[in-house]
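Peer 1: Got a structure here, written out as structure tokens. Questions coming.
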Amino acid sequence: MKKSKVLFSMLAIIAVVFLVAGCGSSEKTTVQPTTASQEQAIGHEGHSAAMPKEDPVPMMKDLDKSLQDVVKQAKAGQTMDAQKSAAQLVSTVEKIVPHMMEANLKDSLRKAAGDIKNTVNSGKMDPSAMESKVKTMQDVMKTTMSHLQTMQH
Ligand SMILES: [Cu+2]
């Protein structure tokens, strides 16, 4: 008789524990979405804190514009203008590079822009000298653009 009473009260306690635990876990599921978005916010802050505040994606458009200017001016033999545009190209690259997280891609972008600047500054702006360098720059810019789009800004 005593044994069954003890057993019953144990079952009752277990039932209460389950109820409480059940309550707790249902609370957890309602809290979860908030936790997930908080984590995202922290991740975003951590990303932009190490970088300049501006969005590098519009800078890619400036970069493309500068490259087109260099090509146009080089073709027209406007050496001074082409040199100015090439300098602009390099300085825009330096603004974009801090947002990039791949060392190899940073180097490629810097090198491609630097090659164009050196070619223009040396005055050897004939199409054969420019064409492959412009093509390289365009390829690296494409890769850079998709790299930047994988991040939140
Ligand atoms: Cu960034």
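Peer 1: Would it be correct to say that residue 71 is within 16 Å of the ligand (Cβ to nearest atom), among the aliphatic types (A, V, I, L, M) and in contact (Cβ under 8 Å) with a residue 12 or more places away in the chain?
Peer 2: Working: within 16 Å of the ligand (Cβ to nearest atom): no; among the aliphatic types (A, V, I, L, M): yes; in contact (Cβ under 8 Å) with a residue 12 or more places away in the chain: yes.
No: the conditions fail for residue 71.
Peer 1: Here's a follow-up. Where residues in region 140-153 are free of Cβ contacts under 8 Å to residues at least 24 places away in the same chain and within 17 Å of residue 93 (Cβ to Cβ), which of them is farthest from the ligand (Cβ to nearest atom)?
Peer 2: The qualifying residue farthest from the ligand (Cβ to nearest atom) is 142.
Peer 1: State whether the residues of region 85-106 include one that is in a loop (DSSP other than H, G, I, E, B), of a type outside the set (Asp, Glu) and at pLDDT 60 or above.
Peer 2: yes
The values are calculated or read from the model by the stated rules, or taken from the named source; none is laboratory data. Here the structure is a predicted model, which means the values were calculated and not measured. Quick reminder, even Gly has a Cβ in these numbers, built from the backbone with ideal geometry, and neighbours come from all protein chains shown.
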